[in-house]
Structure formats: C-alpha cells, structure tokens
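Trainee: Dropping a structure here in structure tokens format, bear with me for questions.
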Amino acid sequence: MTGPFLELRGLTKHFEVPRPLLARVVSRSPPAVVRAVEEVSLALPAGETLGVVGESGCGKTTLGRVLVGLEVPSAGEIRLRGQRLEGGAHARPRALQRRIQMVFQDPYASLDPRWRVRDIVTEPAVGELSAASRRERAAQLLRQVGLSETDLDKYPHQFSGGQRQRLAVARALCAEPELVVCDEPTSALDVSVQAQVLNLLKETQERLGLSLVFISHDLAVISHVSTAVAVMYLGRVVEWAPRAVLFAAPAHPYTRALLETIPDVRRPGRRRAAIPGEVPSALSPPPGCAFHPRCPLAEPRCRLERPSMRVTAGGAQVACHLVPGTPVDTELESDRARTG
Amino acid sequence: MRLLRGLLEGTGRGTRIALAVVVAYVLLAAFARWVAPQPVQDLRSLDLMNASLPPAWNPDGNRAFLLGTDEQGRDIVSGVIFGLRLSMGVGFAAVALAMLIGLAAGLVSGYRGGWLDALLMRAADAQLTFPAILVAMLLDGVARSVLPRSVHETLGIPVVIGAIALAQWVPFARAARVGTLVEREKGYVQAAQVMARPWWSIVLSHVLPNVMGPIVVIATIGLGNAILTEATLSFLGVGIPPTSPSLGTLVRTGSAYLPSGAWWMVVFPGLALAGLVLAVNVAGDGLRDGLDPKQRSTVS
Amino acid sequence: MSVALEGLHVSLQKAGGDIPLVQDVSFRIAPGQVLGLVGESGAGKSITAAALIGLVSPPVRITGGQLALRERTVRLEDARAVRPLRGKEVGFVPQDPFTSLDPLFPVGDQLVETLRAHLPLDRAAARERAIRLLEDVGLPSPAERFEHYPHQLSGGMRQRVAIALALCAGPPLVVADECTTALDVSTQAQIVSLLARLVEEHGVSVLLITHDLGVVGELATEVAIMYAGRIVERAPVGQLLRAPRHPYTRALLDAVPRIGATAGALAAIPGSMPRPGELPPGCAFHPRCPRASERCRAERPPLEAARDSELACWHPLEGAG
C-alpha cells in the first residue's frame, strides 16, 4: 500500500470576494480573499474516523467540500490510496470519485422532495441497474440502515429528521464507497435521534470497513465517533492527535479552552470558562498566530510569527509556539513510501 | 394520474367552476367540426341570402342561426367555435414555446452561471424593453415583407405563435433561474454532483421538477395573455391571416358593422374571448396550490 | 411576585377533529428563577412559548389556560388580551436574532422604538436608556454600536441586542426560545454567563426553552421535561440531572454523548416521539419505555406533585429518595 488511505498535503482553498464589474476594472487594490482553508496537512488510515472540529468560520465545512470535489482546491494535494484527486468531482477519474460519498447536515434539504425513496437511495447507481434490480438494491440498503421495505415507495416528507438522515446514509452506501465525509450529520437532530444515527454510522463503519471524515462543532460527538481528531481555527489545523491523546492531554490553548467551554450535563450549575472575544473574520485574520488575540498565554512572539506544526512527545501535532516538539516532516508519506 | 388527483384536491369551488369552464371550452374547440352547426371555412356552405341576420330571439332572426350571421352569411356560433379553436390553439402553443425557451434559458443560466448567465440575462432584459405587441408586429411585418405571399399564408400561424412566444419567454426564464439558484445549494443536488452525474442530468432530474411551481403560475397567466395578445394582433390586422378567423379577427370585422346596428357580430366573439381568458386565469390561480406534494400531507 | 401559568391547552383545528398539541401545562416561576422547559422536536415547547407571547394563529388555537403576573390574570384564549402582554409583560428572546432584528434599521433605533412603545420616554431619554442597556448586555462600544445595522454585528452581538430588546420594558417574565442554539460554543458560554447575571440583577422570571441539557444545567434553577405535549417531570435542576425519576428523563440524559465515556454504542432511545394526534393509549412514552407495564398501556399516569417536584409515571426510578 502506497502510504495512508487518505492524505492531504498543504490543502488550501481561497474564495475571492465577488466585486461588481466596474470595481473590478477600476480598482487598483487586489480583491479581498477569504482564506477558508489554509495549508491543511492530514492523513487517515483505512477503516478509521478522522474527526474535524471547530467553530463556525473555521473552514471545516469547506474542507469537507474540497475533499468530495464540490470545491476545487486553490493549492495543495489530496491523495486517495496514493492516487491524486485533482480538481472537482467531474474532473476526477470516475472510478476514484465513486469511492467517495457525503452525508449532509440538513436532513430536510438533502433529499429531493419529489423523488420516491427507492429512487433516492439508488441514485448513485442510476443507469447501471435495471428497474427491478434497483428496487431490490433499494430494499437492501433500507434494511442496512434500519428502515423497512414498506418505505420504498414513500416520499421524504413522510419521514422524520432522523429517518431522513438514515436515508441519506443509505444513499451514501449505495455505490459501496470507501470514504464517507459526514458534514455535521446530527447537528439538526434531537438528542435521542442523534444517538440513533451516530450508532448507525459507527456500526456501519465497522461492518463495511469504511473510512470516515466526521465534521462537527460538537466535541462530545466527535469524541464518540473519532479515532483521531483535528481541531481547526480560521482555516488552519491547530492541533491533530489521536482521540485519547487530544481529550486527555490537549496541547493547544484553543483546544483546552474549547474543552472547558463544554458543559457537563452531570455537573449542573458549573459556569463555563468563556473564551473572550469572538472568532475574527476570515477576511482579515490576525497576524502571527490567528488565535493570539483571545489566547490567555499569548506572548509577543505570537503576534509576529505564525507557529509551525510540531510533534509533541505525546504524539499530537500542534501549531503553537509555547508547545515544545519536533518539527513536522512536510514530505508526503505516500511519496516517501514509494521512493523507499 | 397522481398529479391530477393532487391538483384537484387542493382546490376550492371557484377554481373548480373555472376549471370546468375551461374544459368545456377545450372540448368545444376540440370537437368543433361536429359541434358547430355550420362549417364556416367551407365557402360553399355560405348563402348570401342569410347575411347579417340578427340572433334567433329577434323577430328577424332565424332559428338555424342562433346568434345571427355576419355580412357573408356565416353563422356566428360556428364562427365563434372555430375562432375559439384557433385562439386557444395559438395561445397554448405560444405559451408552451415560451415556457420551453424560458426554461432552457433559465435553467442553464442559473446552473452554469458565468458569462452564459450574464449573456442570457442581458438578452432577457433587452427583450423586456420591447412591448409584446410591438415585437409581434415587428416579426410579423418582417415575415410579410421577406416571405412570398403564399408562404406567408401557410406560415402565418407559426409566425404569430413564435412572435408571442418571443414576447413572453422572459418571466419563465427569470423564475427558472431564481429557482435554479436556490436548488443548486440543496443537499440532493450537491449529492448528485458528488456522484459525478452529468450536469444536464442533474438539472433535468432534480432542478426542473422543483422549479415548476412558479413556472405553472406564470404559464396560466401567460396563457390568458397569449390569447389576448393573439386577439389584439388579429384585431390590428397583423395576426393570423383572415382566411381562418380567430376571435380577434371576428371582433375586428364585426366592429366595422357595429355603427349599422349589427351588434351581434362583435359582442358574441368578444364575450367568448373574455369568458375564456377569465376562466383560464381563475383556474390557473387555484391549480397552482395543488402542485405541491407537501401540502397534501397532514400537518407536522 | 411569581409568574404562574395554569392549565395551558393548545390544539390544531382540523376538519376531522381537533388535535391537541399542548395539554395541561402549568408552572410557577419566582422572580430571579429560571425554569428550563426541555423537550425534543414536536414535544410542544415552542408552541408553549408562542402561546405566552400571543403568536399562536389559526388553525392552531389556544383552547384553555391563564397566565398570572403582576397581580393580573389573563385568559390566554382571548387573543385580544394576550397581544398587549408582548414586550411589556412578557419579553421574548428568539433563536435567530438575524430574523427578528429589522435589517433596514440600526439596532439602536429598534431599541428606542421598543422602549417608546412601552414606556413614556422622549427620544433623548429613550436613546440614553438604550445605550445604557446595550452596555448592560455587554456590547462593546455601545454608543458606536447604536448606529450599526444588524448585518454589521456578529451572531453573539446580535443576540445581546435581542436580549436587551426583551428586557427593555422591564417585563416580569422573559421567554427565551432556544436562544443559544444557533451560536458557537464559545459565544454560547458568554451569552449564558450574561443571562445568569441579568436574571439576578433584574429579578425577572425566565422560561428557558431548549433541547440542550447542558445549557439547562448551567442556567436553570428548575427543569420541566415535556413529552408529547405534556409535562412529565419537573424538579430542581440538580436533582433532575443527577437523579431523574422519569424513565424518559433518564433515557434522555443517557443519550447525550459525553467526553470520556466512549465505549460502545450510545444509549439511544428506540423508536421516536409520537406525533400530535397519534398518541398511544395510556402513557405516551410506554412504547419506548423499558419499565412499561399493563397499567402504563391502559391508563395515563397523572402529573402528581411532591414536595418541590412533579412526576407523571406509574413506575418511576428510585431517584435520590
């Protein structure tokens, strides 16, 4: 095997803020740029789950969209099983793209209200199966996600939010993918339904040996499903570590602050240690370390120089001046494996 | 079938009456040849002796010609029926063509964006600056001068249809474009993109069905407008050639005899036209609500 | 003076018969206390909020209930009596302040407009008061922000403005409907701190509607759990979260993922909450309850009051004794 299952190196996505034609022609200054994802380098072994966590504006959703091909990267590489994924979904080699699927956040907008369930869940196979085999495959998929054959001819509006997410998972499984990107799949669901869907995802992953990239703002949910966790802030990965390491010994000040901000239902009345200020705009990130204006440990150096990624003794990759570690080797593992 | 049942479920009484009227008109027009007492296109059936007869309830009238006759002895009832057929045919065809053009432009424009979007929308804006009648007259005038008379006679109707469609496609395009912009962000469209389905396939199977709601509303209003536009053009003499008269033509020829007291030649075609357009608009308004599958389930 | 709601009934009127959405909801909130109303989608908590601020419109109708505050009692069925309550007697903090703030007017003007609608103030006095309110809710540089439009403020700031709007006329009751749900976790923490401080300072009674048990644990003094349109358990917050007595409350708490306890599957509750109009006979929760018995299937348990709590269950859990 040529390196890890999924590898990202220096993945970057910038959005230019659109300007009216006249301004574009007349203005001398360069257009404003939103640095949604900035130099993200991560790796995921097969059959595991990478949790990507962060608050709004951190770039996690954009990262997910770049992975599945809904956005084209501005720079950097994505490799699946050592092969490069270049461009958007339509530009990539079809055989490779078929191995990737996505589950979206909004269960009410991710299923076509005018399609019947049997057509929705077999859409990835459209044109490849006869009507009869499509129906059979649909029944099979529904059973896999805990729904029944009687649901085949129904419409999405006849299902609850949790059931719709199950349908979304069924659709994602239709083409037998290897990588499924889940973008906040349970954020819009009630607690008890969320538990059902999370259990379904975990169980399906184990049974089929899927690799998952799980995006969420909820650290508790991330802790439940992930094997490794990447914490993002303003487009960059600030910490990336195996799950146990991240939650037991968080290294980056932002990670630590986030963990303290989560209320523990078992201990009511505890006031959260709030992180001061608000997340800055991605249009004008602070100089140096993007977190320094809100960081309790900030030093003068943090304002001047952006911290590089380093590996701690505990096995976490952290981008912080105050955390000691060995600098990260920026060469792609897959390249290294190939050249020996 | 499901569509029809669904359409009717969500409607009120006024809508159903209007719908019934429209259906009656359509049937009348479809079976014109059998329903009309006199085959008015056949000049041999005309007898000048029957010219300018008032309606049957008038002492000078003739029971065979219920609503009277025109100056050439043509039965008004039959004239109206055949005229209806022509008016509705042209109206439906023009709206259908406008819808086709508008949908194609709007869907592609909204989905692909970029320079194509800009180009099509500027064309739409340009189109809107010309009043519909003017566009139709322009097109018809050009056709008249460019084509030899015989060709113009046979192409007369398609030219009118094309002219009206050209004047009406923009609202369809705009509605389709707006709807497409919304649909493009929906999860099911993006899921299809991740599946690397070809863009036209995604547009036809996901975007089109979901933008049809407002399109149908525009179509029903457009139908009434198209029928009126055709009537206006015929009234002005630049529409359908008078060999096969539409309701507009009948109003035109009939109005010349109004000062002499032959009111029936203009009133009945006019009433038929007004009734048709009214019924179409009311029915269309009501039908729109029946198209949404979500509105038929229980309240969640 | 406590705020008390008695016997709220809300139904959906349909051709075949009315469907009850909220049944017999009652509570009492003392000044400076926060009652957390917790439930999942469809339980009826948002309709309860809507009923209190007069935002219920046909085909949904209030069919019973009265609200007692400031020595007055208002019958909620009477729409005309409820309308004037909004703002002056009952403040409202919505979930998404972006849609409740008018995008065309600066936030300061909206505050002034609300103040002058309820209190006898002239423009200058109202403006003064508004700026002080903005400062009170922790908005940085309030005099500057006064002139800003909603889109120029971040989510957290807009929510602060919404809170200021809710409190500005000094109502005895504030209804907060999922007001932290749409915020980032760090902003949520700030708003929660703000709310805790304001509740104490202004002595208001707060009805905190949410599905988030974590927020409830931090902010509420008492918690009521709603299921299928009824309250099934009410208790002081510490007691309810540590030792719940109703099996649904227990199951809900067990279903929340927690950092550290990650072995195996989450304790999900099988099935889903019945929709209004599709309630099973007896106890509405019995099809999903591990402790259900014949009695639960036949007879609905009434809401019974104990010392400082209420419970509707035939076979409650042991609790703290």
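The values are calculated or read from the model by the stated rules, or taken from the named source; none is laboratory data. In this text, all values refer to a predicted model and were calculated from it rather than measured experimentally. All Cβ positions, glycine included, derive from the backbone under ideal geometry; neighbour counts span all protein chains shown.
Trainee: Please enumerate the residues belonging to the stretch A:139-162 that are closer than 17 Å to A:C174 by Cβ and of a type in the set (D, E, K, R). It would help to see each step written out before you state the result.
Mentor: If we filter the stretch A:139-162 for residues that are closer than 17 Å to A:C174 by Cβ, which is where we start, we get A:139-147, A:149, A:151-152, A:156.
Correct list: A:R143, A:E149, A:D151.
Trainee: Kindly indicate the residue of the stretch A:234-291 that is of a type in the set (D, E, K, R) and in contact with a strand residue (DSSP E or B) (Cβ under 9 Å, 6 or more places away or on another chain) and also nearest to the other protein chains (Cβ to nearest Cβ) among those meeting that condition. Talk me through it step by step, then tell me what you get.
Mentor: Restricting attention to the stretch A:234-291, the residues satisfying the condition of being of a type in the set (D, E, K, R) are A:236, A:239, A:243, A:256, A:260, A:264, A:266-267, A:270-272, A:278.
From what's left, in contact with a strand residue (DSSP E or B) (Cβ under 9 Å, 6 or more places away or on another chain): A:236, A:239, A:243.
Numbers: A:R236: 17, A:E239: 15, A:R243: 8 Å.
If we take residues in the stretch A:234-291 being of a type in the set (D, E, K, R) and in contact with a strand residue (DSSP E or B) (Cβ under 9 Å, 6 or more places away or on another chain), then A:R243 is nearest to the other protein chains (Cβ to nearest Cβ).
Trainee: Say we look at the stretch A:164-199 and pick out the residues that are facing chain C (nearest Cβ under 8 Å) and not acidic (D, E); which of these is nearest to A:R65 (Cα to Cα)?
Mentor: Start the filter on the stretch A:164-199 by keeping residues that are facing chain C (nearest Cβ under 8 Å), which leaves A:190-196, A:198-199.
Next, only the ones that are not acidic (D, E) stay: A:191-196, A:198-199.
Numbers: A:V191: 26, A:S192: 28, A:V193: 25, A:Q194: 22, A:A195: 25, A:Q196: 25, A:L198: 21, A:N199: 24 Å.
The extreme case among them is A:L198.
Trainee: Give just the number: which of (1) surrounded by 24 or more Cβ atoms within 10 Å (Cβ to Cβ); (2) within 12 Å of another protein chain (Cβ to nearest Cβ); (3) assigned to a loop (DSSP other than H, G, I, E, B) does C:L183 not satisfy?
Mentor: (1)
Trainee: Looking at the stretch B:34-71 only, could you name the residues that are loosely packed, with under 12 Cβ neighbours inside 10 Å and assigned to a helix (DSSP H, G or I)?
Mentor: Those that are loosely packed, with under 12 Cβ neighbours inside 10 Å and assigned to a helix (DSSP H, G or I): B:W34, B:L43, B:R44, B:L48, B:M49.
Trainee: Listed residues C:I225, C:I259; which is of a type in the set (A, V, I, L, M), within 11 Å of chain A (Cβ to nearest Cβ) and closer than 30 Å to C:E318 by Cβ?
Mentor: Result of the check over C:I225, C:I259: C:I259.
Trainee: If you don't mind, another one. Would you be able to say whether some residue in the stretch A:242-263 is touching a Leu at 6+ places or on another chain (Cβ under 8 Å) and more than 25 Å from A:H292 (Cβ to Cβ)? Spell out the reasoning first.
Mentor: Here is the first cut: in the stretch A:242-263, the residues touching a Leu at 6+ places or on another chain (Cβ under 8 Å) are A:247, A:250, A:253, A:255, A:258-259, A:262.
Now drop any that are not more than 25 Å from A:H292 (Cβ to Cβ), which leaves none.
No, the conditions are met nowhere in the stretch A:242-263.
Trainee: Could you please find all residues in the stretch A:124-145 being within 15 Å of B:S201 (Cα to Cα) and more than 23 Å from the chain's Cα centre (by Cα)?
Mentor: Residues of the stretch A:124-145 that are within 15 Å of B:S201 (Cα to Cα), as a first pass: A:124-128.
Correct list: A:A125, A:V126, A:G127, A:E128.
Trainee: Of everything in the stretch C:258-298 that's within 25 Å of A:V225 (Cα to Cα) and more than 29 Å from the chain's Cα centre (by Cα), which residue is modelled with the highest pLDDT?
Mentor: So, considering only residues that are within 25 Å of A:V225 (Cα to Cα) and more than 29 Å from the chain's Cα centre (by Cα), the one modelled with the highest pLDDT is C:A265.
Trainee: I'd like to know if the stretch A:36-43 contains one or more residues that are more than 17 Å from the chain's Cα centre (by Cα), surrounded by fewer than 20 Cβ atoms within 10 Å (Cβ to Cβ) and either more than 14 Å from chain B (Cβ to nearest Cβ) or of a type in the set (G, A, S) (or both). Don't jump to the end; show me each part of the working.
Mentor: Initial filter on the stretch A:36-43 (more than 17 Å from the chain's Cα centre (by Cα)): none.
The answer is no; no qualifying residue exists.
Trainee: Taking the criterion of being of a type in the set (K, R), crowded, with 19+ Cβ neighbours inside 10 Å and farther than 23 Å from B:E183 by Cα, would at least one residue in the stretch A:121-135 satisfy it? Steps first, answer last, please.
Mentor: So in the stretch A:121-135, the residues of a type in the set (K, R) come out as A:134-135.
Filter once more, keeping what is crowded, with 19+ Cβ neighbours inside 10 Å: A:134.
Applying the additional criterion that residues be farther than 23 Å from B:E183 by Cα yields A:134.
Checking the stretch A:121-135: at least one residue is of a type in the set (K, R), crowded, with 19+ Cβ neighbours inside 10 Å and farther than 23 Å from B:E183 by Cα.
Trainee: Scan the stretch C:24-35 residue by residue and report those that are within 14 Å of chain A (Cβ to nearest Cβ) and farther than 15 Å from C:T210 by Cβ.
Mentor: Passing the criteria: only C:Q33.
Trainee: Report every pair of residues separated by at least 6 positions or lying on different chains whose Cβ atoms are under 9 Å apart, first residue within the stretch C:188-201 and more than 10 Å from chain A (Cβ to nearest Cβ), second in a helix (DSSP H, G or I) and acidic (D, E).
Mentor: C:L198/C:D136; C:E201/C:D136
Trainee: Consider A:R306 against the criteria (1) within 12 Å of chain C (Cβ to nearest Cβ); (2) surrounded by 14 or more Cβ atoms within 10 Å (Cβ to Cβ); (3) touching a residue at least 12 places away in the same chain (Cβ under 8 Å): it satisfies all of them except one. Which criterion is unmet?
Mentor: Just one mismatch for A:R306, condition (1).
Trainee: Taking the stated definitions as given, is A:L152 surrounded by fewer than 23 Cβ atoms within 10 Å (Cβ to Cβ), closer than 21 Å to B:A192 by Cβ and free of Cβ contacts under 8 Å to residues at least 40 places away in the same chain? Write out each step before concluding.
Mentor: Working: surrounded by fewer than 23 Cβ atoms within 10 Å (Cβ to Cβ): yes; closer than 21 Å to B:A192 by Cβ: yes; free of Cβ contacts under 8 Å to residues at least 40 places away in the same chain: yes.
Yes; evaluated as a whole, the condition is true for this residue.
Trainee: Turning to a different aspect of this structure: How many residues does the stretch C:228-239 hold that are in contact (Cβ under 8 Å) with a residue 24 or more places away in the chain and within 11 Å of another protein chain (Cβ to nearest Cβ)?
Mentor: Going through the stretch C:228-239, the residues in contact (Cβ under 8 Å) with a residue 24 or more places away in the chain turn out to be C:228-237, C:239.
Okay, now just the ones that are also within 11 Å of another protein chain (Cβ to nearest Cβ), so C:236-237, C:239.
The number of residues fulfilling the criteria is 3.
Trainee: Further, regarding this structure: Residues in the stretch B:121-132: is at least one buried (at least 19 other Cβ atoms within 10 Å of the Cβ), under 16 Å from B:T229 (Cα atoms) and within 22 Å of the chain's Cα centre (by Cα)?
Mentor: At the first step, the residues of the stretch B:121-132 found to be buried (at least 19 other Cβ atoms within 10 Å of the Cβ) are B:124, B:132.
Within this subset, residues satisfying the condition of being under 16 Å from B:T229 (Cα atoms) are B:132.
Now narrow it down to the ones that are within 22 Å of the chain's Cα centre (by Cα): B:132.
Yes, that holds for at least one residue.
Trainee: If I go through the stretch A:66-108 residue by residue, how many of them are within 11 Å of another protein chain (Cβ to nearest Cβ), buried (at least 20 other Cβ atoms within 10 Å of the Cβ) and not polar (S, T, N, Q)?
Mentor: 10
Trainee: Further, regarding this structure: Mind checking which helices (runs of 4 or more DSSP H) fall wholly inside the stretch B:109-216 and carry at least 3 residues that are away from every other protein chain (no Cβ under 11 Å), free of Cβ contacts under 8 Å to residues at least 40 places away in the same chain and out of contact with any Lys or Arg (no Cβ under 8 Å at 6 or more places or on another chain)?
Mentor: Values: elements: B:114-128, B:132-146, B:149-183, B:187-194, B:199-202.
Here the list reads B:114-128, B:132-146, B:149-183.
Trainee: Mind listing whichever residues of the stretch C:4-35 are on the phi > 0 side of the Ramachandran plot and free of Cβ contacts under 8 Å to residues at least 12 places away in the same chain?
Mentor: At the first step, the residues of the stretch C:4-35 found to be on the phi > 0 side of the Ramachandran plot are C:7, C:17, C:24, C:32.
Listed by number, the list holds a single entry, C:G17.
Trainee: Moving on. Being without any contact (Cβ under 8 Å) to a residue 24 or more places away in the chain and either in contact with a Gly (Cβ under 8 Å, 6 or more places away or on another chain) or buried (at least 23 other Cβ atoms within 10 Å of the Cβ) (or both) is the filter here, so list the residues in the stretch A:195-224 that pass it. Write out each step before concluding.
Mentor: As a first pass, look at the stretch A:195-224 and keep what is without any contact (Cβ under 8 Å) to a residue 24 or more places away in the chain: A:195, A:199, A:202-203, A:206-207.
Result: A:A195, single match.
Trainee: I'd like to check something: does the stretch C:204-211 contain any residue that is within 30 Å of A:L259 (Cα to Cα) and at the interface with chain A (Cβ under 10 Å from one of its Cβ atoms)?
Mentor: Going residue by residue through the stretch C:204-211, those that are within 30 Å of A:L259 (Cα to Cα) are C:206-211.
Restricting the remaining residues to those that are at the interface with chain A (Cβ under 10 Å from one of its Cβ atoms) gives C:211.
Yes, because at least one residue in the stretch C:204-211 is within 30 Å of A:L259 (Cα to Cα) and at the interface with chain A (Cβ under 10 Å from one of its Cβ atoms).
Trainee: Please verify whether C:A292 is within 12 Å of another protein chain (Cβ to nearest Cβ) and over 18 Å from C:L35 (Cβ atoms), treating the condition exactly as stated. I'd like the intermediate steps shown before the answer.
Mentor: Values: within 12 Å of another protein chain (Cβ to nearest Cβ): no; over 18 Å from C:L35 (Cβ atoms): yes.
Here the answer is no, as C:A292 does not meet what is asked.
Trainee: Count, please, the residues in the stretch A:290-316 that happen to be part of a loop (DSSP other than H, G, I, E, B) and either among the small types (G, A, S) or under 18 Å from A:E38 (Cα atoms) (or both). Before you say what the answer is, go through the steps one by one.
Mentor: Pass one, the stretch A:290-316, residues part of a loop (DSSP other than H, G, I, E, B): A:290-291, A:295-299, A:305-308, A:312-316.
Right, trim to either among the small types (G, A, S) or under 18 Å from A:E38 (Cα atoms) (or both) and you get A:290-291, A:298, A:305-308, A:313-316.
Count: 11.
Trainee: Out of the stretch A:163-209, which residues are within 29 Å of C:V185 (Cβ to Cβ) and of a type in the set (G, A, S)?
Mentor: Across the stretch A:163-209, the qualifying residues are A:A168, A:A172, A:S187, A:A188, A:S192, A:A195.
Trainee: Restricting to the stretch C:36-53, count the residues that are buried (at least 21 other Cβ atoms within 10 Å of the Cβ) and either within 14 Å of another protein chain (Cβ to nearest Cβ) or at positive phi (or both).
Mentor: Here the count works out to 9.
Trainee: Considering only the stretch A:177-190, state which residues are surrounded by fewer than 24 Cβ atoms within 10 Å (Cβ to Cβ) and free of Cβ contacts under 8 Å to residues at least 40 places away in the same chain.
Mentor: Selection gives A:D190 alone.
Trainee: Would you please name the residue that is surrounded by the most Cβ atoms within 10 Å (Cβ to Cβ), looking only at residues in the stretch C:288-298 that are in a loop (DSSP other than H, G, I, E, B) and without any contact (Cβ under 8 Å) to a residue 40 or more places away in the chain?
Mentor: Step one: of the stretch C:288-298, the residues in a loop (DSSP other than H, G, I, E, B) are C:289-293.
Within this subset, residues satisfying the condition of being without any contact (Cβ under 8 Å) to a residue 40 or more places away in the chain are C:292-293.
Details: C:A292: 17, C:S293: 13.
It comes out as C:A292.
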